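The values are calculated or read from the model by the stated rules, or taken from the named source; none is laboratory data. Just so it is clear, the structure is predicted and the values come from calculations on it, not from any experiment. Methodologically, a virtual Cβ is constructed for each residue, glycine included, from the backbone with ideal geometry; neighbour enumeration extends over all protein chains shown.
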Amino acid sequence: MFIPFVMLVALWKTCEAEECTEWHNSSYGCHKLCLIPQTFNNAEHQCKNLGGNLVSIHSGKEDSYVFDFVRKFGATALKYGSRMVSPPVWLGLVEKKNYSWEWTDSTKLDYMRCAECSNLAEEAQLSNRSAAFCAYMETYRPQYRRSWFAKPCTEREPYVCKKKDC
């Protein structure tokens, strides 16, 4: 009984790994795109299992790099009309209980492209909303290129993992 379970877990881990790109090194760290949609918490857990966290972004140049990375390696993930497009992806930005935002890797929040995140915090305080929101990057609709948005963390999206060294 134990041996088949171990084999099943090993097979599951192998299949799961095939749904992610290899690690790609840049001046911003190492990145991996995983195309199987996960809830935010599950995506963060998978990134930790891979030795990293969901991606944190600290400059406009890094934001552009992550956007281009997702567009390059995720372009076969979705069909939008008749063309292949890249998916929206979870970032490592999560709303905390006091309605502030922080990166899951505990780095400083020194860059943010999510205008609606501030509005959500104000609305949450007024409405006593209890569900947490998490940030994602839009990558395929031209009017929202590189924009970040927020949605309930329980929704499922592909995601980008990041670690310091490959």
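Checking each residue in segment 25-34 for being part of a strand (DSSP E or B) and touching a residue at least 60 places away in the same chain (Cβ under 8 Å) picks out Asn25, Gly29, Cys30, His31, Lys32, Leu33, Cys34. Would you check if there is a residue in segment 66-81 being at positive phi, at pLDDT 75 or above and either in a loop (DSSP other than H, G, I, E, B) or touching a Gly at 6+ places or on another chain (Cβ under 8 Å) (or both)? No, segment 66-81 contains no residue that is at positive phi, at pLDDT 75 or above and either in a loop (DSSP other than H, G, I, E, B) or touching a Gly at 6+ places or on another chain (Cβ under 8 Å) (or both). Here's a check for you: in segment 90-109, which residue that is polar (S, T, N, Q) and farther than 7 Å from Ser56 by Cβ is modelled with the lowest pLDDT? Selected residue: Asn98. In segment 114-166, counting only strands (runs of 3 or more DSSP E) that sit wholly within it, none holds 2 or more residues that are of a type outside the set (A, V, I, L, M), surrounded by 15 or more Cβ atoms within 10 Å (Cβ to Cβ) and at pLDDT below 80. The set of residues in segment 44-53 being hydrophobic (A, V, I, L, M, F, W, C) and out of contact with any Leu (no Cβ under 6 Å at 6 or more places or on another chain) consists of Leu50 alone.
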